[in-house]
Structure formats: C-alpha cells, structure tokens
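I have placed the structure first, in the form of structure tokens, so that the comments after it can refer back to it.
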C-alpha cells in the first residue's frame, strides 16, 4: 500500500472490514497495515486512533513510541472510544509516554467501567483495592470486579475468588473461591489456573491439579513464572516441586543471566548424573552471559577437573 492509497481510505473501510481481514493484514505486512490505520486515525476515526495507539505501544509495524501511544489513546478516549479510555488509563497507571498519575488513571478507568467495559471495571477495581489515585475501598472494588466477572472477564473471576478465599470482606468461603477459580481457569487466566490447581490438590485431585498447574505455567508471563518456581519448589508435594523445576527451566530460557544461574544451581544440587551434567551446561551459559558467580564457579570446575 502506498502513502497516497492509504490517504484515500475512508472511515467506511474500517467499519466494513471484518476482524479476520484486519488480522490478516496486520499479520501479513504490519508496516503497510499500520499506514492504513494511521490514515484513518488522522481522519478522526476513534477505532483507528485506538489501534494506532496500540501499534505505537507495541512497536507493531513502526518504531515503539509510548509518547505517541498516549497521544492517540487520548484522542480515541476523548472521542468516547471505550478501549481508548481504558488504554489511556493504563498509560497513566503504568507511566507509558509520560509520568504516572493514578488519579487520571482512575478517571479514565471509571469512565470505561461505567459504560460497560470489563477491562475498565477490572482496572478501576484494582485502584480501589489498593488505594491508588482514589480512596481505598475494598467493598466498591469487589463490586467492580464482580460486575466484570459477571461478564466472564477471566482475571476478575480470579480476583473475586481471592476475595472469597482470603475472606477480604468477611468470612472465608472456600466453595465459592473454588468455583470462581475454576471459571477463571477455564476462561484462560494463568493466576486463576494456578489457584485452581492448588485448590484441586487440597481436594486430592492430583492429576487435575498437575494439568492446570502446567497450563498456568504455559500461559504465565516471566514474572509470574518466577513466582511459580519459588513457591512450587518449596511445596511438600513432589509432583508440584517437579513443576517448579519446569518453571525454573522456562525462566532460564526466557529470562536473564540470573535466571540461568538459578536454574543451574538447582540442577547442580541434585544427585543424579544427568542433572549434574545439565547443571554444568547451564552454568556455562550463565557465565557466557556475564553472570559473575557463574564465571567463578566455572573456573572452579575447570580447576578441579
């Protein structure tokens, strides 16, 4: 697509294009697709403005530019676009393209939430729960999480489960917590999957617990994978300790030299020959990546061999 052809596109094109066609264009040539989106955004189309903000945020088809992302999210938000409102709130909440401002984040999350967006409800609930930019209000936070959960929002289902498991608003209700975690897990949230697995294990449903714990590990981002490794390696059940090792392995593959070194140390603490051999290999990997303790350990192995 040339620049001139992009400028010729009208808002009707965006309204008429199917989701599948848009995904195909983005997947096939993001640089061309983002020019098409940009042309529509500059014509004032809120949907394109929100998409352009996301493209700038992710670096999809152009250089990442959080400042531009915030600008385009604001244009979409001020035009009444719910996704744009939520993402502008996220920009303020996370400091994308400017300073963190939880009060502004709360305003835009509340705007999106009050108009029915589940992510807005979830994000506004989070600020209420932790007292960020608004007065801390656990009851009101629960109400917003619960509204999103009623819409099937996976993360909100999991948080409602935590309310019941921990008894944040009164007495604990393990039965309700179990049900909400199950629904969160089935809807695809890795934290819900993790908590559901733990509750399944408490019910001695070991096979199902291991299944959901491994699904959680597949879906988890790096930070939560590290949390899973730390928690599960201390678990009294040997099967979950094995999943903890799998979490360490994932972190070593996706993380930094510290993750590689941590995995190497754990392998080297094992007694079997295979683990020791693998541990030395990972230790060398950490050393090559610049981890000082790994480099020192490799030198000791060389000296002693």
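Worth a mention:
- Relative contact order of segment 116-264: 12 percent, from C-alpha pairs under 8 Å at least 6 residues apart in sequence.
- With contacts taken as Cα pairs under 8 Å at a separation of at least 6 residues, the chain carries a relative contact order of 6 percent.
- The calculated FRET efficiency for residue 204 paired with residue 173, based on their beta-carbon distance and R0 = 30 Å, is about 0.90.
- In a fully extended conformation the segment linking residue 21 and residue 166 would gain 47.7 nm over its present Cα-Cα distance, using 0.36 nm per residue.
- Between the Cα long axis of helix 222-232 and the first principal axis of the chain there is an angle of about 40°, rounded to the nearest 10.
- Segment 187-231 - Rg (one decimal) and Dmax (whole number), Cα, Å: 9.8, 28
- Within the chain, all pairs of alpha-carbon atoms sorted by distance into 20 Å bins from zero give the percentages 26, 47, 26, 1.
- Simple spin-label estimate for residue 271 and residue 143 gives 5.9 nm between the two label positions (7 Å along the Cα-to-Cβ direction from each Cα).
- Taking all Cα pairs closer than 8 Å and separated by 6 or more residues, the relative contact order of segment 229-281 comes to 22 percent.
- Using alpha-carbon coordinates, inclination of helix 238-254 to the longest axis of the chain, degrees: 60
- Extension gain for the segment residue 223 to residue 150, taken as residue separation times 0.36 nm less the Cα-Cα distance, is 23.5 nm to one decimal.
- Nearest-ten-degree value, helix 273-288 long axis tilted from longest Cα axis of the chain: 50
- Three semi-axes of the equivalent ellipsoid, segment 216-290, Cα gyration tensor, whole Å, largest first: 19, 16, 8
- Max mean-square fluctuation residue, GNM over the chain, Cα-Cα springs under 10 Å, options 43, 68, 271: 271
- Under the simplified labelling scheme, the residue 114-residue 186 pair shows an inter-label distance of 3.5 nm, with each label point 7 Å from Cα along Cα→Cβ.
- Residue-averaged 222 nm ellipticity for the chain, from DSSP H runs of 4+ at -39500 (n - 2.57), nearest 500: -24000 deg cm²/dmol
- Under the simplified labelling scheme, the residue 58-residue 239 pair shows an inter-label distance of 3.6 nm, with each label point 7 Å from Cα along Cα→Cβ.
Bear in mind that the values in this text are calculations on the coordinates, not laboratory data. Given the structure is predicted, the values throughout are model-derived calculations rather than measurements. Cβ coordinates were reconstructed from backbone atoms using ideal geometry, including for glycine residues, and neighbour counts include every protein chain displayed.
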